[in-house]
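In what follows, a single structure is set out as structure tokens and then discussed.
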Ligand code: SF4
């Protein structure tokens, strides 16, 4: 899982570290430039597989009321067409659970089968059992399996702890309640997400472990053990928090504990209540991207306070930036500076407009030849300022031709065509790119 293949640089002497920072003594690179993902078991959700080395799965949630069949079908379809691979819906009542049967049917009749997850809001097992018939995965929140009579001791004082016997007795009650759902999902070959939220830890976990990542992890482990005792292993685990450092700690601790216990369940990553706009995206990226870079995470959801379909490009951008999925053209462009020989922003925009459908290519737009060719070395094609009014086109590291700047984009397209790597853009190229 970790990217380091030898002791961390901080464990080496300064002179050793200088050498080791590029190459280890055996000639092996010290730092891998690809992410070594943690090995996890595959968990099927409809026709999508989470974990087991499969590409990181993108998911989101509609915000329509599940009782609104037409609206929900349209919301699920919008998300799926935007590239969302698994769609979650809320199921707060039995009527909602039954509505899912019709949503599923209508999707199949008017669009296609879409892997669906139901969010069961409390310990109403009848609802969960009903919905388990209609969806591919059920998400439960351990924090909502509440049996303790909160807050007060028999003498009226504030409760501050649970005895082991009380703790275990509640554990038995949870097991009893959860068992029929686990058996139903197991027998149908469906999946469950054990979705712990920092903001809704059960009281006995709070008192025993504190409002901490440890409490979140122990809460998840308690539910995992119940599932395992019933021979059910189609589990995905999440430990979301609205504060990035908390979720980072919780997921890393979960991995450590699972490694100790020989568990290999895939992880669903997310930052809850990330908000909207630029900061919502940055906050989600800080949490999700950091863990993915450590090799942790098999499915992601970026939670934005915006239309759900706006979450999907953010997910794909995080995955593309880390080299985990390639769903669009990778543009390498310099920030421009005093040496820039053309209007970089305009040219990049034009290049993007002409080539954004060529999923899989890396295209560089660099302002000058001083640093440009060296820094774009990994790109398939390069557009580089050569001298005022003239640009040079590159294939990899090789300069192919110099052309007047006004013919630059056209000449770039001609070069890609000559190499046989051009395809005509489709009307709905965005969707094609995202679904690639
Ligand atoms: S590539 Fe050239 S123009 Fe672009 S930032 Fe570097 S030095 Fe400046």
*Check 255, 314 and return the single one that is in the same structural domain as residue 191 (by TED's automatic domain parsing) and within 17 Å of residue 216 (Cβ to Cβ).*
255
_Suppose we filter region 96-123 for residues that are out of contact with any helix residue (DSSP H, G or I) (no Cβ under 9 Å at 6 or more places or on another chain), modelled with pLDDT under 95 and farther than 23 Å from residue 306 by Cβ; how many remain?_
0
*If you check residue 364 against the conditions, is it within 16 Å of the ligand (Cβ to nearest atom), assigned to a loop (DSSP other than H, G, I, E, B), touching a residue at least 12 places away in the same chain (Cβ under 8 Å) and closer than 19 Å to residue 330 by Cα?*
no
*Working only within region 387-427, note down all residues that are within 16 Å of the ligand (Cβ to nearest atom) and outside any loop (DSSP other than H, G, I, E, B).*
387, 390, 391, 392, 393, 394, 399, 405, 408
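Of all residues being modelled with pLDDT of 90 or more and more than 11 Å from the ligand (Cβ to nearest atom) in region 370-386, which is farthest from the chain's Cα centre (by Cα)? Just the residue, please.
Initial filter on region 370-386 (modelled with pLDDT of 90 or more): 379-386.
From what's left, more than 11 Å from the ligand (Cβ to nearest atom): 379-381, 383, 386.
Numbers: 379: 26, 380: 27, 381: 29, 383: 33, 386: 40 Å.
In this case the residue turns out to be 386.
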*Every residue from region 327-349 that is farther than 17 Å from residue 375 by Cβ and either surrounded by fewer than 13 Cβ atoms within 10 Å (Cβ to Cβ) or more than 14 Å from the ligand (Cβ to nearest atom) (or both)*: 327, 328, 329, 345, 346, 349
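The rows are residues; the columns are (1) part of a helix (DSSP H, G or I); (2) loosely packed, with under 15 Cβ neighbours inside 10 Å.
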{"residue": "156", "(1), (2)": "no, yes"}
{"residue": "199", "(1), (2)": "yes, yes"}
{"residue": "211", "(1), (2)": "no, yes"}
{"residue": "220", "(1), (2)": "yes, no"}
{"residue": "238", "(1), (2)": "no, no"}
{"residue": "250", "(1), (2)": "yes, no"}
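I'm trying to understand the selection: among the residues of region 326-357, which are assigned to a loop (DSSP other than H, G, I, E, B) and farther than 17 Å from residue 378 by Cα? Working first, answer last.
Going residue by residue through region 326-357, those that are assigned to a loop (DSSP other than H, G, I, E, B) are 326-329, 334-343, 356-357.
Residues satisfying the conditions are 327, 335, 336, 337, 338, 339, 340, 341, 342, 343, 356, 357.
The values are calculated or read from the model by the stated rules, or taken from the named source; none is laboratory data. Given the structure is predicted, the values throughout are model-derived calculations rather than measurements. Heads up, the Cβs are rebuilt from the backbone with ideal geometry, glycines too, and the neighbour counts pull from every protein chain shown.
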